[in-house]
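Q: Structure below; questions to follow.
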Amino acid sequence: MGAKMTSYSCASPELDWNRYYDVEARTRRFLPELDPAEAERCAFAESLLPAGPLGRVLELGSGDGHLASRLARRPGTRVVCLDLVPDRAARSSRLSGAPALSAFASHLPFRSGSFDLITLVEVLEHLPDIATVLRGIRRIGRGGELIVTVPFEQKIPQVICPHCLGNFPIDGHLHSFSEATLRDLLSTHGLPPRRMAIHRPEPPRRWESLLPFRALGSRGRATLKSSLRRAGILDLPPGRYLGAAAPLPSH
């Protein structure tokens with residue numbers, strides 16, 4: 001029997017994910033100068049890539065375009081960006097110079113056999129319907145590789161959902177993966193990994209020493225730390241990432 005993937009859900013099945021990520025796009029940017037972990041996530045994804053030209057690449061869940069901009073510099077590589085949020089798709093196009101469009105990952109608007117490489121970098125854990133997305137990826141691949149990265153064995157804190165006032169997985173992470181569950185998931189959908197890797201970043205500098213935190217004063221620091229600890233955030237270990245490279249079927 002295969003390992004069981006841990007999944008979470010919002011108390012409200014009617015949660016508008018489109019709206020949720022649209023709001024997030026206005027308040028959070030995935031760029032190294034604003035989110036230092038973004039450079040590390042992208043470098044890990046690149047370590048899974050084959051050497052040399054990549055051909056036609058789909059970055060599925062392109063965010064603000066940092067990885068797309070890096071891939072687009074490779075000779076013999078043509079990148080297409082896709083993101084659920086129109087603003088993020090537009091930003092990824094501006095940064096990378098690649099064409100971009102906004103669409104649901106479960107409804108990929110491409111012909112069969114369109115791409116030599118497809119990346120899902122820190123995306124799979126967000127998807128309500130993983131099976132449909134993986135079927136679509138199999139359809140549009142043409143014999144290259146699928147690159148997947150996810151948080152590794154993440155303990156997902158629950159917060160209060162602003163839509164339904166029920167429990168909600170922080171950052172919209174709906175699934176937590178171990179090496180076994182990711183391998184089983186991909187294999188079940190005809191994408192058995194050819195190789196897998198785990199990346200363990202160096203522990204970050206203690207955030208309590210940063211100037212904005214110190215400027216809060218003793219009472220403010222105590223209040224903030226208490227709130228973060230109740231939410232299960234303060235004592236989280238440094239994030240780890242799990243990656244897989246799987247061959248795409250030929251068409």
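Q: Return the residues of the stretch 31-61 that are of a type outside the set (A, V, I, L, M), without any contact (Cβ under 8 Å) to a residue 60 or more places away in the chain, closer than 21 Å to PRO247 by Cα and in a loop (DSSP other than H, G, I, E, B); say none if nothing qualifies.
A: GLY52, PRO53
Q: Looking at the stretch 52-78, which of the residues that are under 17 Å from THR149 (Cβ atoms) and among the aliphatic types (A, V, I, L, M) is surrounded by the most Cβ atoms within 10 Å (Cβ to Cβ)?
A: The residue in question is LEU67.
Q: Can you tell me which condition VAL159 does not meet? The list is (1) touching a Lys or Arg at 6+ places or on another chain (Cβ under 8 Å); (2) part of a strand (DSSP E or B), and all the others hold.
A: VAL159 satisfies all of (1) touching a Lys or Arg at 6+ places or on another chain (Cβ under 8 Å); (2) part of a strand (DSSP E or B) except (1).
Q: Sticking with this one: Find all pairs meeting these conditions: Cβ atoms under 9 angstrom apart; at least six residues apart or on different chains; first residue within the stretch 181-193 and in contact (Cβ under 8 Å) with a residue 24 or more places away in the chain and on the phi > 0 side of the Ramachandran plot; second residue surrounded by fewer than 21 Cβ atoms within 10 Å (Cβ to Cβ) and outside any loop (DSSP other than H, G, I, E, B).
A: Between residues of the stretch 181-193 that are in contact (Cβ under 8 Å) with a residue 24 or more places away in the chain and on the phi > 0 side of the Ramachandran plot and residues that are surrounded by fewer than 21 Cβ atoms within 10 Å (Cβ to Cβ) and outside any loop (DSSP other than H, G, I, E, B), the close pairs are GLY190/ARG135; GLY190/ARG138.
Q: Mind listing just one residue for me: the one in the stretch 93-112 that is small (Gly, Ala, Ser) and part of a helix (DSSP H, G or I) and, of those, surrounded by the most Cβ atoms within 10 Å (Cβ to Cβ)? Steps first, please.
A: Initial filter on the stretch 93-112 (small (Gly, Ala, Ser)): 93, 96-98, 100, 102-103, 105-106, 112.
The next check asks that each one be part of a helix (DSSP H, G or I); those that pass are 93, 96.
Working: SER93: 20, SER96: 24.
Looking at the filtered set, the residue picked out is SER96.
Q: Listed residues ALA90, ALA131, ALA68; which is more than 19 Å from GLU38 (Cα to Cα), of a type outside the set (Ser, Thr, Tyr), part of a helix (DSSP H, G or I) and without any contact (Cβ under 8 Å) to a residue 60 or more places away in the chain?
A: On the way: ALA90 fails: more than 19 Å from GLU38 (Cα to Cα); ALA68 fails: more than 19 Å from GLU38 (Cα to Cα).
None of the other options fit; the residue is ALA131.
Q: Can you pull out the residues in the stretch 52-110 that are within 17 Å of LEU120 (Cβ to Cβ), among the charged types (D, E, K, R) and more than 18 Å from the chain's Cα centre (by Cα)?
A: ARG56
Q: Would you pick out the residues in the stretch 79-137 that are within 19 Å of LEU31 (Cβ to Cβ) and of a type in the set (Val, Ile, Thr)?
A: Within the stretch 79-137, VAL79, VAL85, THR119, VAL121, VAL123 meet the criteria.
Q: A follow-up question, please. Among the residues of the stretch 171-201, count how many are of a type in the set (Val, Ile, Thr) and either modelled with pLDDT of 95 or more or within 18 Å of LEU49 (Cβ to Cβ) (or both).
A: Start the filter on the stretch 171-201 by keeping residues that are of a type in the set (Val, Ile, Thr), which leaves 181, 188, 198.
This time we only want the ones that are either modelled with pLDDT of 95 or more or within 18 Å of LEU49 (Cβ to Cβ) (or both), so: 188, 198.
Count: 2.
Q: Given the criteria modelled with pLDDT under 90 and surrounded by fewer than 21 Cβ atoms within 10 Å (Cβ to Cβ), does LEU49 qualify?
A: Numbers: modelled with pLDDT under 90: no; surrounded by fewer than 21 Cβ atoms within 10 Å (Cβ to Cβ): yes.
So LEU49 fails the test.
Q: Give the residues of the stretch 113-153 that are among the hydroxyl-bearing types (Ser, Thr, Tyr) and surrounded by 24 or more Cβ atoms within 10 Å (Cβ to Cβ), sorted by residue number.
A: THR119, THR149
The values are calculated or read from the model by the stated rules, or taken from the named source; none is laboratory data. Treat the numbers as computed from the prediction; the structure is a model and nothing was measured. Cβ coordinates were reconstructed from backbone atoms using ideal geometry, including for glycine residues, and neighbour counts include every protein chain displayed.
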